[in-house]
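Remarks on the structure that follows.
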Amino acid sequence: MEATGPHMPADFVGLSYEVQQLADPSFFAASNIGLIEQFKALAPQGVLRLGGNTSEFAWWKATPGSPEPEHPQTRVVEGEPKPQYYAVTPEAVRNLADFLKATGWTCLYGIGMGTNTPERAAEEAAFVAQTLGANLQYFQIGNEADLFDRHLRDPKTWSAKTYLEEWLALARAVTSRVSGARFGIPDVAANVSWLTEIAEMWPSVQNPPHVTTLTHHYYFGGPATNPDVNVPNLLKPATMAKVQKTADTATAAAYKMGARVRMTEGNTCYRGGKPGVSDVFAAALWSADYSLLLASNNYSGINLHGGTGKSVANSVGGFLPGDVLLKEKGETSDQIATRPHPFYTPIATFGPEYRMEPVAYGLKFAGEFSGASLLQGDFTSQLQATGVDATAYAATFPTGQVAVIILNKDAEQGLEVSLDFGTRRSGMVKTKTLHAPALDSREAHITQSPEPGHLQDGKYTVTVPHATGIYLTLSR
């Protein structure tokens, strides 16, 4: 257990929001104390990504008198955002800068590609870079460009190659105004083969912009009306096996480009989530497992998507399929209003109040490894050989402290695990638990055990109940 694997950055934890949230300058602002408190509770350091489908219909309003530009024709497609244009203003960006300072987070700033021009992109980027300063990690130009052939580009000619040509024009315009500008690319919805294609084309790019990160999205399934989107399928080992295949493709492409990979938008169920899956404790176990699997594959971070119900609904055609599902089941408007909107959001908005949802608790739990190096070893296979649906990850911190996370996703079976830290190690074992009454509970909790355990000849045995996560740290 001494050989270390990938380093999990201190700011691995992240959230993703629609750029359209900036249409309300008071949302990401120092005055929004409730939201700031939830960000800080989720992670002391984190990364806010602004992007989403609505980013393709934003326009930069540099001054109060700036006229709205002419917009190109787009096609209206069910499930895709309707062409509802809105302005992003300097006030919103200044408030965003104050919000980031208050939370201790940094930002991945999305600039539209679908209906934008190089000149407007560069003007917006220059103001954003100057205003956010060191709290800007990099720019992301375009959102889910692999789906542009549905509504924004000619499907006969659109490809990774034509995307890259168009992206280069925008990125070079930004670089001409922002010295040292950094970028993430290509932020695909699901077609990670684009990462491979771009990595293969990259050596032929003359004077390439500075790309630090290859980016992609991930949703387990969807939409809410899909019966295959359910708790057993979300948590089964085959789900993470598919994630591993995606990670293998993405990290290989990143290695070619000398970059890292980030999952910049994703969640349990696309188009706003599914009630009973996205907003329950099962989502916490999923997000913890998914996050740690990506960390063990050298991802620089993860951004779970969410925000207000209005902004996410606007991004997927004007409504949340989960609402339709609940109405068909006979729930009243008052009952539906008690659920988070969108259903998958990590931080829910209830009037003036903000609340961390179960999926955020899983992300927070995985974030316990932030700043550590993951240990190499097939710990999960050893656990699943027992017939229990469980996964395990181990890490060491720069202090030498060893930590283990065990996630028992099984709906019925508990699990006893014997850990061998080596006869040279001694000390106390402290425990935190991620738990809820049941997988379908609309709640999640992380609690610290009051009394530490002790190693016996370097060994420690722990019982992990069904539907529970355990975080163990060995203190000398």
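Heavy-atom accessible area per residue, the chain, 1.4 Å probe: how many Å²?
40 Å²
Viscosity 1.002 mPa s, temperature 20 °C: Stokes-Einstein D of the stretch 300-419 from its Kirkwood Cα radius, in µm² per second? The partial results should precede the final answer.
Details: Rh = 17.5 Å.
So the translational diffusion coefficient is about 122 µm²/s.
State, to one decimal in nm², a quarter of the convex hull surface area for the C-alpha atoms of the stretch 261-318, i.e. the direction-averaged projected area.
4.2 nm²
When only the Cβ of Lys, Arg, Asp and Glu is charged (+1, +1, -1, -1), the dipole of the chain relative to its Cα centre reaches about 700 debye. Placing 179, 333 in order of accessible area, with the largest value first and a 1.4 Å probe, yields 179, 333. Residue farthest toward the positive end of the dipole of the stretch 176-296, with Cβ of Lys/Arg at +1 and Asp/Glu at -1: which of 227, 191, 176? Projecting each Cα onto the dipole axis, the largest value belongs to 176.
Highest-first packing order for the peptide set 111-120, 227-236 is 111-120, 227-236, based on the mean count of other beta carbon atoms within 10 Å. Residue 146 contributes about 20 Å² of solvent-accessible surface, heavy atoms of the protein only, 1.4 Å probe. Using Cα pairs closer than 8 Å and at least 6 residues apart in sequence, work out the relative contact order for the chain, in percent. Averaging sequence separation for qualifying contacts and normalising by length gives 16 percent for the chain. Taking all protein chains together and a 1.4 Å probe, the residues 331, 416 rank 416, 331 from largest to smallest accessible area.
Over all alpha-carbon pairs in the chain, figure out the percentage whose distance exceeds 32 Å.
39 percent
These residues, 466, 454, go from largest to smallest accessible area, 1.4 Å probe, as 454, 466. Measuring nothing but how far apart in sequence close Cα pairs (under 8 Å, 6+ apart) lie, relative to its length, the stretch 1-103 scores a relative contact order of 39 percent.
What percent do you get for the relative contact order of the stretch 193-270 when only Cα pairs under 8 Å and 6+ apart count? Once divided by the residue count of the stretch 193-270, the mean separation gives 53 percent. Using every alpha carbon pair in the stretch 98-232, what percent of pairs falls into each 10 Å bin from 0 up to the bin containing the largest distance? Spelled out per bin, shortest first, that is 11, 38, 32, 15, 4, 0. Per-atom-type breakdown for the chain gives carbon and sulfur 51% of the accessible area (1.4 Å probe, protein chains only). Share of pairwise Cα-Cα distances greater than 19 Å in the stretch 138-205 is 32 percent (whole percent).
Working note: Cα gyration tensor of the stretch 1-124, eigenvalues times five, square-rooted, sorted largest first, giving semi-axes of 30, 19, 13 Å.
The values are calculated or read from the model by the stated rules, or taken from the named source; none is laboratory data. From a predicted model like this one, the values you see are computed outputs, not experimental measurements. So basically every Cβ, Gly included, is an ideal-geometry build from the backbone, and we count neighbours across all protein chains shown. For accessibility, only protein heavy atoms count, side chains too; no ligands or nucleic acids. Shrake-Rupley method; radii C 1.70, N 1.55, O 1.52, S 1.80 Å.
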